[in-house]
Amino acid sequence: MITVVVKDALRARVEAASGGAQTVLYTRRGQPSHVNIILREHLGLGEHPAFMLRGQPRQEFFYGTYPGVIRDGELLSLPGQPPASGIDFATASRAARACGGGWHLSTNAERAALMRWGNAQGLASQGNTDHGRDIRDGAAHGRRVDAAVSGDPAGNPATLTGSGPDSWRHDHTPHGIADLCGNLWEWQAGLRLVDGEIQIIADNDAAHADLAADSPAWMAVRLRDGSLVPPGTPGSAKFDAPTRRRDGNAGAPQLSDAIIHYVGQAGSDANTPGLMDAPFRDITAAAGISPPSLLIALGVFPDARVRDRAQAYLRNHGERLFMSGGAWYSGCDAGLNALCLSHPRSHFSATVGARPAFLL
């Protein structure tokens, strides 16, 4: 276990410079990790799953200020570093939890709380969405990992953690959370699709629960009232698309209580047909269905405040775990609202990373 309250020079300096918005926590191996302190009262969301753990309310959680870096087997949040990439879900979660008690892979509940706050504030997501620069503002750029000029499609266009302008922070201030839009897709715990069925881990319990594919912590959501039910329960919330394109893929995702048709093909390759994609704000519900407030709170279904074009990519065959944010190639499709549930937990690539968080 770490001791959160003991100050040192680095922690004192970070807290003073940020006006208390950030601090430094230490891992089991004594390595520092920079985090933002996310207070329930400051987000103004009322009751939200991100602030519930094992049925008990929490007033705060600590979210990695920067995309994760793996050192000595631990996933750390550090400024000015090449972010870890090419890691599958298990590697990301294992490295986060190796940091000690309370440490975990950032969860969808936490991401959704930040997303909903940003939507309420009218803050547009910005970041490395065009090979080291922002697609909407070419003058906004970070320092590329390969030291190449921003906009160059060759090489490694990922940017060093936190090296972009203030507009690349979640609150557009110098002390906000960096790089949530673009740069690298980030694995998130606690949300998945299984053959199109939406499954979650209750509240923010994904911070400590068993995340294995067969974990009993996974629950489905009853569409008519938002209650949690065992996976496979009739009437659970699912994603499907009522139309199919000529290439074998589907159209815009639709929330339903049944799979309209099985659009996928056997196998786990994300390049096989069956992809549903559309701007996140264009996800609809089948006739007569009112989306449960829980799915809106968790950022699985859009609410009226969503303005970003950020994209949704879904597949309704096999297990698909959630990645957020987009990558350096995503253009206008990147953002905190982006919903990527199209890849299996074994997926890894140079465009996928992860971020640590802390909650006791």
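The values are calculated or read from the model by the stated rules, or taken from the named source; none is laboratory data. Given the structure is predicted, the values throughout are model-derived calculations rather than measurements. Don't worry about glycine lacking a Cβ; one is built from the backbone with ideal geometry, like all the others, and counts go over all protein chains shown. Each accessible area value is taken on the protein alone, full model and side chains, heavy atoms only, with ligands, DNA and RNA left out. Shrake-Rupley method; radii C 1.70, N 1.55, O 1.52, S 1.80 Å.
Against the conditions (1) of a type outside the set (Gly, Ala, Ser); (2) over 22 Å from residue 115 (Cβ atoms); (3) surrounded by fewer than 19 Cβ atoms within 10 Å (Cβ to Cβ), where does residue 172 fall short? Just the number, please.
The one condition residue 172 does not meet is (2).
Only residues that are of a type in the set (D, E, K, R) and in contact with a strand residue (DSSP E or B) (Cβ under 8 Å, 6 or more places away or on another chain): list them for region 196-230, please.
Answer for region 196-230, where residues must be of a type in the set (D, E, K, R) and in contact with a strand residue (DSSP E or B) (Cβ under 8 Å, 6 or more places away or on another chain): 197, 203, 205, 222.
Kindly evaluate residue 149 against the criterion of being open to solvent by 10 Å² or more (accessible area, probe 1.4 Å), more than 20 Å from the chain's Cα centre (by Cα), farther than 26 Å from residue 33 by Cβ and among the hydrophobic types (A, V, I, L, M, F, W, C).
Yes: the conditions hold for residue 149.
Would region 28-35 turn up any residue that is basic (Lys, Arg), surrounded by fewer than 15 Cβ atoms within 10 Å (Cβ to Cβ) and closer than 19 Å to residue 113 by Cβ?
Within region 28-35 (the criterion being basic (Lys, Arg), surrounded by fewer than 15 Cβ atoms within 10 Å (Cβ to Cβ) and closer than 19 Å to residue 113 by Cβ), the answer is no, since none of the residues qualifies.
So which residues in region 133-154 are aliphatic (A, V, I, L, M) and in contact (Cβ under 8 Å) with a residue 24 or more places away in the chain?
If the condition is that a residue be aliphatic (A, V, I, L, M) and in contact (Cβ under 8 Å) with a residue 24 or more places away in the chain, then 135, 140, 145 are the ones that fit.
Filter region 338-360 down to the residues that are among the hydroxyl-bearing types (Ser, Thr, Tyr) and assigned to a loop (DSSP other than H, G, I, E, B) and list them by number.
346, 349, 351, listed by residue number.
Provide a single number: the residues in region 300-337 that are open to solvent by 10 Å² or more (accessible area, probe 1.4 Å) and assigned to a loop (DSSP other than H, G, I, E, B).
Here the count works out to 13.
Yes/no per residue for (1) surrounded by fewer than 24 Cβ atoms within 10 Å (Cβ to Cβ); (2) without any contact (Cβ under 8 Å) to a residue 60 or more places away in the chain; (3) not in a helix (DSSP H, G or I):
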residue: 47; (1), (2), (3): yes, yes, yes
residue: 66; (1), (2), (3): no, no, yes
residue: 76; (1), (2), (3): no, no, yes
residue: 85; (1), (2), (3): yes, no, yes
residue: 92; (1), (2), (3): no, no, no
residue: 96; (1), (2), (3): no, no, no
residue: 104; (1), (2), (3): no, no, yes
residue: 120; (1), (2), (3): yes, no, no
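Could you list, ordered by first residue, the pairs with Cβ atoms under 7 Å in which the first is in region 167-184 and in a loop (DSSP other than H, G, I, E, B) and the second is acidic (Asp, Glu), at least 6 apart or interchain?
Between residues of region 167-184 that are in a loop (DSSP other than H, G, I, E, B) and residues that are acidic (Asp, Glu), the close pairs are 172/166; 173/166; 174/166.
Where the second residue is aromatic (Phe, Trp, Tyr) and open to solvent by 30 Å² or more (accessible area, probe 1.4 Å) and the first is on the phi < 0 side of the Ramachandran plot and lies in region 20-33, which pairs have Cβ atoms under 8 Å and are six or more apart or on separate chains?
Final answer for the pair search is 32/26; 33/26.
Condition test on residue 125, is it hydroxyl-bearing (Ser, Thr, Tyr) and modelled with pLDDT of 95 or more?
Working: hydroxyl-bearing (Ser, Thr, Tyr): yes; modelled with pLDDT of 95 or more: no.
Answer is no for this residue.
Can you spot a residue in region 249-263 that is over 11 Å from residue 316 (Cα atoms), open to solvent by 40 Å² or more (accessible area, probe 1.4 Å) and at pLDDT below 75?
Checked region 249-263: no residue is over 11 Å from residue 316 (Cα atoms), open to solvent by 40 Å² or more (accessible area, probe 1.4 Å) and at pLDDT below 75.
Which of the residues spanning region 122-146 are in a loop (DSSP other than H, G, I, E, B) and open to solvent by 40 Å² or more (accessible area, probe 1.4 Å)? If you could, list the steps in order and put the result at the bottom.
Filtering region 122-146 for residues in a loop (DSSP other than H, G, I, E, B) gives 122-127, 129-132, 134-140, 142-143, 145-146.
Once the filter is applied, which keeps residues that are in a loop (DSSP other than H, G, I, E, B) and open to solvent by 40 Å² or more (accessible area, probe 1.4 Å), region 122-146 yields 122, 123, 124, 126, 135, 136, 137, 138, 139, 143, 145, 146.
Residue 59 passes all but one of (1) out of contact with any helix residue (DSSP H, G or I) (no Cβ under 6 Å at 6 or more places or on another chain); (2) within 29 Å of residue 13 (Cα to Cα); (3) surrounded by fewer than 17 Cβ atoms within 10 Å (Cβ to Cβ); (4) touching a residue at least 12 places away in the same chain (Cβ under 8 Å); which number fails?
Of everything listed in (1) out of contact with any helix residue (DSSP H, G or I) (no Cβ under 6 Å at 6 or more places or on another chain); (2) within 29 Å of residue 13 (Cα to Cα); (3) surrounded by fewer than 17 Cβ atoms within 10 Å (Cβ to Cβ); (4) touching a residue at least 12 places away in the same chain (Cβ under 8 Å), residue 59 misses just condition (1).
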